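Engineer: One structure follows; several queries about it will come next.
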Amino acid sequence: MKKPLRLIMLILLIPGMLFAAEPYYDAGSQMFNITAGATVPFFYHNPSRNDQGYQGPEWTFWPGDGADRTHRTVGGVGAISYQVFLHPYIALGGELGFQFDFARSGIVGTNVPIFVKATAIPVQGTVELPISIGAGLLYASYDGSSKITFGCEAEIGVRYFITDSWGVGINVGIYIFPELYASAPEKMSTLSYIPATLTVTYRH
Amino acid sequence: MKTRILTAAIAVLIVLASCNLDSGQGVFQQAFNATKNNYARIETVLGTDEDSNIIMVADGDLYRFTGSATEKIIDLTKYNSNNSGIVPFAAKDGNVYFIHNTEDGVKMFYTAIDKIDGKADPEANLLLNIAGEGGNAVTLSGISYPSFISSPTIFNLDEIQFLYKVDGDEKMYYGSVDFASINGNAITAIPGPEVPEYSRIIGNRILRAYSNDSDAGYPDSNKLIIIESSTTIDVTSNNNNEYDDVIMGSDGHFAVDYEGDLMKINSDDNNLTTVDSSFAEDLIYRENNFMPVYADTETEKYIGYLYECGIYVHETSRTNEENYRPSLLQISDDNDLITSAWIGKSGDKYLMATQENGFWIVEVTGNGAALKGSIHQYRPDTDGALSEYIGN
């Protein structure tokens with residue numbers, strides 16, 4: 001077998017090898033996470049920006065006040081989540097979060113995600129590799145205005161269990177928060193963050 | 001079981017939220033558009049009141065700028081719908097002058113600023129003496145879509161420019177009002193040439209004309225019309241899109257395309273000639289707009305502003321091809337927020353009104369290689385009254 005082919009085969013086999021290990025969890029196992037960290041504004045998309053008379057690109061990226069930036073600062077995020085394993089490798093549950101940062105005006109903006117969250121843990125035991133996706137409601141507010149809309153997230157991390165039940169981990173992911181309106185498209189825009197967090201996990 | 005209850009609860013919340021999807025105030029846009037000073041978004045400076053405060057159109061409403069804050073005088077949005085409504089076009093001698101666009105035609109009226117009290121009364125103080133040049137009456141029966149509110153039409157407070165139709169005539173015309181001629185209830189309107197119906201004022205006596213079958217935002221073809229020299233330049237004649245959406249300098253001398261190339265109007269063949277292919281950064285999001293340029297006759301300079309790039313200064317003595325291009329002065333302050341602007345003058349200091357962050361003082365000194373520029377946000381305590389910079 002040629003070397004590149006062997007390499008490809010090896011890469012394809014890795015997930016299977018990971019899952020082939022004896023699973024730590026059973027269906028019905030539970031997991032509770034407390035998460036805190038920082039959020040970096042990734043992008044902001046306002047397709048109506050120029051139509052509204054504000055000149056600048058529809059897509060802006062990263063924190064800062066410039067015309068091509070998101071007009072948001074690096075902020076903070078905290079969340080709690082509770083999940084139950086439906087399968088030895090997959091847990092499903094809910095997450096309640098709170099994210100904040102500051103707009104160019106210096107006024108704080110907040111987002112409260114209330115998500116259904118699914119986590120796959122292909123590597124588990126003392127060292128785990130959780131991969132999560134979540135989606136659900138988002139409550140966004142700024143300077144007395146508010147909106148209930150939808151959001152989603154994806155996250156990958158690594159964690160180490162100090163005892164059999166308690167572990168700590170680090171995660172990085174992406175939040176995507178589209179502010180949706182059924183009949184007022186001019187008010188629509190989408191905000192995205194990259195959260196980088198520390199997590200304390202209790203499993204049972 | 002717990003998971004099912006949790007997911008069911010969130011599903012119910014999602015359904016409830018879906019049923020109420022139109023509630024909300026555009027939260028993300030509000031946060032994005034907010035500025036450090038929370039100033040209203042300046043569109044057009046109209047003049048000053050008797051306390052030397054700037055009177056302007058901002059966020060579609062009539063505002064006063066006191067030097068440190070923007071204060072709404074009249075909520076104009078409640079008077080406006082589509083192309084009709086009440087549009088302020090000048091502030092002078094303690095009065096604000098309005099155009100009232102109605103189904104029955106256009107009327108002009110004025111109101112003393114200190115008697116406005118939050119509303120515009122189109123039935124009071126009607127301007128009856130709107131006379132064209134030579135004493136011929138000009139009846140304005142419609143203000144051009146979409147120029148009067150959305151496009152700056154006052155470039156130097158010497159002249160107010162507008163597009164209009166005459167009763168019984170579907171053609172569109174360019175017209176102007178000499179600011180100095182505004183005197184109480186008398187305004188002299190100067191009729192101008194016929195222009196294509198899909199036109200928009202984008203610079204000092206410069207129009208952008210679109211083809212009839214195009215939509216206003218992204219025209220299939222368009223022209224630049226220089227009123228002063230009766231010049232028409234087709235900016236879609238090249239298929240390489242080089243001129244498809246140029247940004248015109250309000251001085252009528254320069255244009256910048258979306259690649260950042262600087263061009264000048266070539267009077268020999270009525271076309272645009274590139275004089276600097278690396279003049280500015282990509283300006284693609286400055287859709288169909290102008291860059292404000294102030295012509296300073298005393299120092300023989302044209303001073304303009306380029307979004308995100310800085311200030312450019314063109315000395316009128318530089319006329320040959322080799323040194324025709326203006327000097328671009330990089331300004332390091334928070335100038336990337338400066339967009340639509342109006343520029344006034346006071347000696348070697350210039351006042352620049354910006355879209356989002358109020359007023360700025362620009363200083364340009366020296367000539368040639370010694371040319372220097374600086375900019376700082378207007379400070380009422382050290383920069384003096386804004387009216388001193390405007391001089392109307």
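Each row is one residue, and each column tells you yes or no for (1) in a strand (DSSP E or B); (2) out of contact with any Gly (no Cβ under 8 Å at 6 or more places or on another chain); (3) within 9 Å of chain B (Cβ to nearest Cβ).
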site: A:LEU96; (1), (2), (3): yes, yes, no
site: A:GLY106; (1), (2), (3): no, yes, yes
site: A:THR110; (1), (2), (3): yes, yes, no
site: A:ALA118; (1), (2), (3): yes, no, no
site: A:GLU155; (1), (2), (3): yes, no, no
site: A:THR163; (1), (2), (3): no, yes, no
site: A:ASN171; (1), (2), (3): yes, no, no
site: A:PHE177; (1), (2), (3): yes, no, yes
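Engineer: I'm told A:ILE80 meets every condition in (1) assigned to a strand (DSSP E or B); (2) surrounded by 16 or more Cβ atoms within 10 Å (Cβ to Cβ); (3) more than 9 Å from chain B (Cβ to nearest Cβ) except one. Can you identify the failing condition by its number?
Structural biologist: Evaluating A:ILE80 over (1) assigned to a strand (DSSP E or B); (2) surrounded by 16 or more Cβ atoms within 10 Å (Cβ to Cβ); (3) more than 9 Å from chain B (Cβ to nearest Cβ) leaves (2) as the failure.
Engineer: Evaluate the range A:96-103: report whether one residue or more is within 16 Å of A:CYS152 (Cα to Cα) and crowded, with 21+ Cβ neighbours inside 10 Å.
Structural biologist: Yes, some residue in the range A:96-103 is within 16 Å of A:CYS152 (Cα to Cα) and crowded, with 21+ Cβ neighbours inside 10 Å.
Engineer: Still on this model: Can you tell me which residue in the range A:179-204 is farthest from the other protein chains (Cβ to nearest Cβ), limited to those that are at pLDDT below 95, surrounded by fewer than 20 Cβ atoms within 10 Å (Cβ to Cβ) and outside any loop (DSSP other than H, G, I, E, B)?
Structural biologist: So, considering only residues that are at pLDDT below 95, surrounded by fewer than 20 Cβ atoms within 10 Å (Cβ to Cβ) and outside any loop (DSSP other than H, G, I, E, B), the one farthest from the other protein chains (Cβ to nearest Cβ) is A:PRO185.
Engineer: Failed condition for B:SER81, given (1) in contact with a strand residue (DSSP E or B) (Cβ under 7 Å, 6 or more places away or on another chain); (2) at pLDDT below 80; (3) surrounded by fewer than 22 Cβ atoms within 10 Å (Cβ to Cβ), with all others met?
Structural biologist: Every condition holds for B:SER81 apart from (1).
Engineer: Another question, if that's okay. Which condition number does A:SER132 fail, the rest of (1) under 24 Å from A:THR60 (Cα atoms); (2) buried (at least 20 other Cβ atoms within 10 Å of the Cβ); (3) not aliphatic (A, V, I, L, M) being met?
Structural biologist: It fails just one condition, (1).
Engineer: Which of the residues that make up the range A:125-140 are farther than 18 Å from A:TYR82 by Cβ and outside any strand (DSSP E or B)?
Structural biologist: Answer for the range A:125-140, where residues must be farther than 18 Å from A:TYR82 by Cβ and outside any strand (DSSP E or B): A:GLY125, A:THR126, A:LEU129.
Engineer: Against the definition (more than 9 Å from chain B (Cβ to nearest Cβ), under 25 Å from A:ARG203 (Cα atoms) and in contact (Cβ under 8 Å) with a residue 24 or more places away in the chain), how does A:ILE114 come out, yes or no?
Structural biologist: The answer is no for A:ILE114.
For (1) free of Cβ contacts under 8 Å to residues at least 24 places away in the same chain; (2) among the polar types (S, T, N, Q); (3) touching a Lys or Arg at 6+ places or on another chain (Cβ under 9 Å), each residue gets a yes or a no:
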{"residue": "A:THR126", "(1), (2), (3)": "no, yes, no"}
{"residue": "A:TYR139", "(1), (2), (3)": "no, no, yes"}
{"residue": "A:GLY144", "(1), (2), (3)": "yes, no, no"}
{"residue": "A:THR149", "(1), (2), (3)": "no, yes, no"}
{"residue": "A:CYS152", "(1), (2), (3)": "no, no, no"}
{"residue": "A:GLY169", "(1), (2), (3)": "no, no, yes"}
{"residue": "A:TYR181", "(1), (2), (3)": "yes, no, yes"}
{"residue": "A:LEU191", "(1), (2), (3)": "no, no, yes"}
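Engineer: Still on this structure, I have one more. Any idea which residue in the range A:29-52 is nearest to A:GLY94 (Cα to Cα), counting only those that are facing chain B (nearest Cβ under 7 Å) and not in a strand (DSSP E or B)? Reasoning before the result, please.
Structural biologist: Let us first name the residues in the range A:29-52 that are facing chain B (nearest Cβ under 7 Å), namely A:44, A:46, A:50.
Now drop any that are not not in a strand (DSSP E or B), which leaves A:46, A:50.
Details: A:ASN46: 29, A:ASN50: 38 Å.
Per the criteria, the residue is A:ASN46.
The values are calculated or read from the model by the stated rules, or taken from the named source; none is laboratory data. Keep in mind that what you see is a predicted model, and the values were worked out from it rather than measured. Don't worry about glycine lacking a Cβ; one is built from the backbone with ideal geometry, like all the others, and counts go over all protein chains shown.
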